[in-house]
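> Mind having a look at this structure? Questions to follow.
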Amino acid sequence: MRCLLLLCLLFTCAQSQALDRFKVEGYLLPNGLQVLMKPGDERGHVAIRLVVGVGFDDFPCNQRELPHLLEHLLFSGIDGSGEGGLEERMQALGGEWNAFTSDSDTTFVIEAPAANQRKVLDLLLEVVTQTHIDQKALDISRRIVEREDGGHYSHLQRWLDKQGVGHAASDQLATELGLKCSERSPVRDMTLEQVEAVRKDWYAPNNMTLIIVGGLDKLMPAYLERTWASLAAIKPTDHPDIPVTLHSALYERNLTHGWLGDGAKLHWFFPEPALDDQVPDAALDLVQVYMEWALYKELRLDHELSYGPWSQREALGDTGLLSLNADLDRADVDRARTLVANMIARLKKDGLEGATFERLRQAAISRQAWSVQGNSQLADFYWNALPTYEKGRFEDPTRSLKKVTLAQADAAMRQVFASRGYVRIEQPLLSYDQLYSLIVAGAVLLVLLLLGWATWRLKHR
Ligand SMILES: [Zn+2]
């Protein structure tokens, strides 16, 4: 009987631990490094994320690529064996790694066998502290970053960037609104001194968070005290303010994307309003979900114009944009646009439909329960939700979803659609019909020229 009781207790314990993924053990090492540890379901594996609080937004436009360049440089090698030798060491530990630079952070992402987690962390610490960066490594990394950015930055590319050719529609709008840089930052001119300065000013323990999820080593806290705690803290650099002045943008623009094709994309962007204190931000999440369904009904089910229309929320600087998007035939763009405009007008008149809202909200809440699976996804969730971590807990997104009332979502929807928004239509330079007409016109012109030339020759013989 006691055995059974113990078993029951163990089972409920394990289950509640597995269910409460928002509760995470966290503490600061004496040097300010934040450590978050969570036992995961897969015990043979650990997912490690080292989040360094430096990203593109910490630099002016002409230096934005600096943290990205440094991220690449940190993989150039610790000793004489270079990049290859470093990779071999990670392979020998059975792990894999990668790194990403975003607007707000630079993150090292590692998946490794649980048995080697301390050795893997040793290697990561070496990478952060011991990597010697020289001119040769800088040249190689500059070329890689340039290639990732779409090749060498020619004068033509610079001019095209300014015209908004070939940019994703939201990037183009963000540039026009003054929320994004209009030109790429010239990686070619970046120097060793600049890169080292980024490392010195930002790669400090009090600007880092180490997340470990999975089969945790019992000795981990003692290990971290011995190793990572030896990193010296610095006086942190403040993150610069993101510009808030919005420039005015054209209401409507056509963007050229590719050379030839009959497809097109319609994007309709609406700046998100600042909501009342009582209305949670999740109200806008629910407006977005509602609009995705409304678009699907209107454009796919009722009129068969678009296979997978979608709606999206994006943060650009400190401004949020909610967009309605559809992949279309070029010939259907105007019709789809009128349909979407009428749909918005109907929503503003009648409001959100109660039963649909409730169904979509329940689905969004349910999705939260199953959408994050396994150690790696959990680690990624913590990485993205870091700003919400407080007193040993991450914010549970379902709580705010549950709080939103129909009236609040309805009010948010009306505020979003109070503005006219910005329409961006992406399509290739020429449709097949246009190309065909051009070829025919060219052929006719050629025949006429030949005839003229032949007549002239006959007359002047
Ligand atoms: Zn890169």
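What follows draws every value from the coordinates through simple rules; no lab data is involved. Computed from a predicted model, the values in this text were never measured in an experiment. Every residue, glycine as well, gets a Cβ built from its backbone with ideal geometry; the counts of neighbours run over all protein chains shown.
> Would you mind getting me the FRET efficiency between E42 and D189? Use the beta-carbon distance for r and R0 = 35 Å, nearest 0.05.
Once rounded, the FRET efficiency stands at 0.15.
> So, one more: Sort 114-121, 305-312 by the packing proxy (mean of other Cβ within 10 Å over each peptide's residues), most packed first.
114-121, 305-312
> Taking amide H positions as placed in the peptide plane 1.01 Å from N, state which residues far from E42 in sequence (5 or more) or on other chains have amide H under 5 Å from it.
So E42 has HN proximity to N375.
> If you average the C-alpha positions of region 264-321 and of region 18-95 separately, how far apart do those two centres end up, in angstrom?
Each part's Cα centre sits 33 Å from the other's.
> Of the peptides 276-284, 288-296, how do they stack up when ordered by the mean number of other Cβ atoms within 10 Å, highest first?
Put in order of decreasing packing, that is 288-296, 276-284.
> Test of the criteria: in region 383-438, which GluC sites (Glu not before Pro) are in a DSSP loop and have at most 15 other Cβ atoms within 10 angstrom of their Cβ?
Those that pass, being in a loop and sparsely packed, are E395.
> I'd like the distance separating the alpha-carbon centroids of region 389-424 and region 188-216, in whole Å.
Comparing the Cα centres of region 389-424 and region 188-216, I get a distance of 34 Å.
> Then there's this: First measure r as the distance between the Cβ atoms of S437 and C61, then evaluate 1/(1 + (r/R0)^6) with R0 = 56 Å and state the FRET efficiency to the nearest 0.05.
Once rounded, the FRET efficiency stands at 0.85.
> I've got another one for you. Once the Cβ-Cβ distance between S182 and V447 is put in as r, and R0 is 35 Å, what FRET efficiency do you end up with, to the nearest 0.05?
0.15
> At 0.36 nm per residue, minus the direct Cα-Cα distance, what do T405 and D238 gain on full extension? Give it in nm, one decimal, please.
Contour length minus the Cα-Cα distance gives 56.3 nm.
> Order of M190, M343 from fewest to most other C-beta atoms within 10 Å?
M343, M190
> A follow-up question, please. Hey, what do the phi angles of region 69-80 turn into as Karplus ³J(HN,Hα) couplings, whole Hz, using 6.51/-1.76/1.60 and θ = phi - 60°, x for Gly and Pro?
4, 5, 3, 5, 4, 5, 9, 7, x, 9, 10, x
> Can you work out the Karplus-derived ³J(HN,Hα) for every residue in region 300-306? Use 6.51 cos²θ - 1.76 cosθ + 1.60 with θ = phi - 60°, whole Hz, and x for glycine or proline.
Listing the rounded values in order: 9, 6, 7, 10, 6, 9, 9 Hz.
> Pulled fully out, how much extra length does the chain show between E353 and A331, if you take 0.36 nm times their separation in residues and subtract their Cα-Cα distance?
Difference between extended and current length: 4.8 nm.
> If you don't mind, there's one more thing I want to ask. Given 37 °C and 0.692 mPa s, compute D for region 252-427 with the Stokes-Einstein relation, Rh being the Kirkwood radius over Cα pairs; round to the nearest whole µm²/s.
It diffuses with D of about 186 µm²/s by this estimate.
> Also, quick follow-up: What ranking do 364-371, 168-175, 208-215 get when scored by the average of other Cβ atoms within 10 Å per residue, highest first?
Most protected by this proxy first, the peptides run 208-215, 168-175, 364-371.
> While we're here: Would you calculate, for the chain, the mean residue ellipticity at 222 nm contributed by helices, counting each DSSP H stretch of 4 or more residues as -39,500 (n - 2.57) and dividing by all residues, to the nearest 500?
The helix-only estimate for the chain comes to -14000 deg cm²/dmol at 222 nm.
> A follow-up question, please. Through the Karplus equation 6.51 cos²θ - 1.76 cosθ + 1.60, θ set to phi - 60°, convert the phi angles of region 340-347 into ³J(HN,Hα) values in whole Hz; use x for Gly and Pro.
Residue by residue, region 340-347 yields 5, 4, 5, 4, 5, 4, 4, 4 Hz.
> Could you line up H45, H303, H460 from fewest to most neighbouring Cβ atoms inside 10 Å?
Going from sparsest to densest Cβ surroundings: H460, H303, H45.
> Something else about it: Sequence gap at least 6, Cα distance under 8 Å: using those rules, report the relative contact order of region 19-72 to the nearest whole percent.
The normalised contact order for region 19-72 reaches 18 percent.
> Taking K and R as +1 and D and E as -1, what net charge do the other residues with C-beta under 11 Å from the C-beta of D262 add up to?
-2
> For the chain, compute the orientation-averaged projected area of the C-alpha convex hull (one quarter of its surface), in nm².
For the chain, the mean projected area of the Cα convex hull comes to 33.3 nm².
> Determine the sum of side-chain charges near G392: Lys and Arg each +1, Asp and Glu each -1, restricted to other residues whose C-beta is under 15 angstrom from that of G392.
0
> Return F417, F269, F108, F100 ranked ascending by Cβ neighbour count within 10 Å, so the fewest neighbours appear first.
F100, F417, F108, F269
> Pairs of alpha-carbon atoms within less than 8 angstrom and 6+ residues apart define the contacts here; what relative contact order does the chain have, in percent?
Relative CO of the chain lands at 21 percent.
> Skipping prolines and chain starts, which residues have an amide H placed within reach, meaning under 5 Å, of the one on L74, given they are 5 or more residues away or on another chain?
none
> Quick one: of K180/K349; K218/K402; K136/K200; K38/K265, which pairs are farther than 31 Å apart, Cα to Cα?
Those over the limit are K180/K349; K218/K402; K38/K265.
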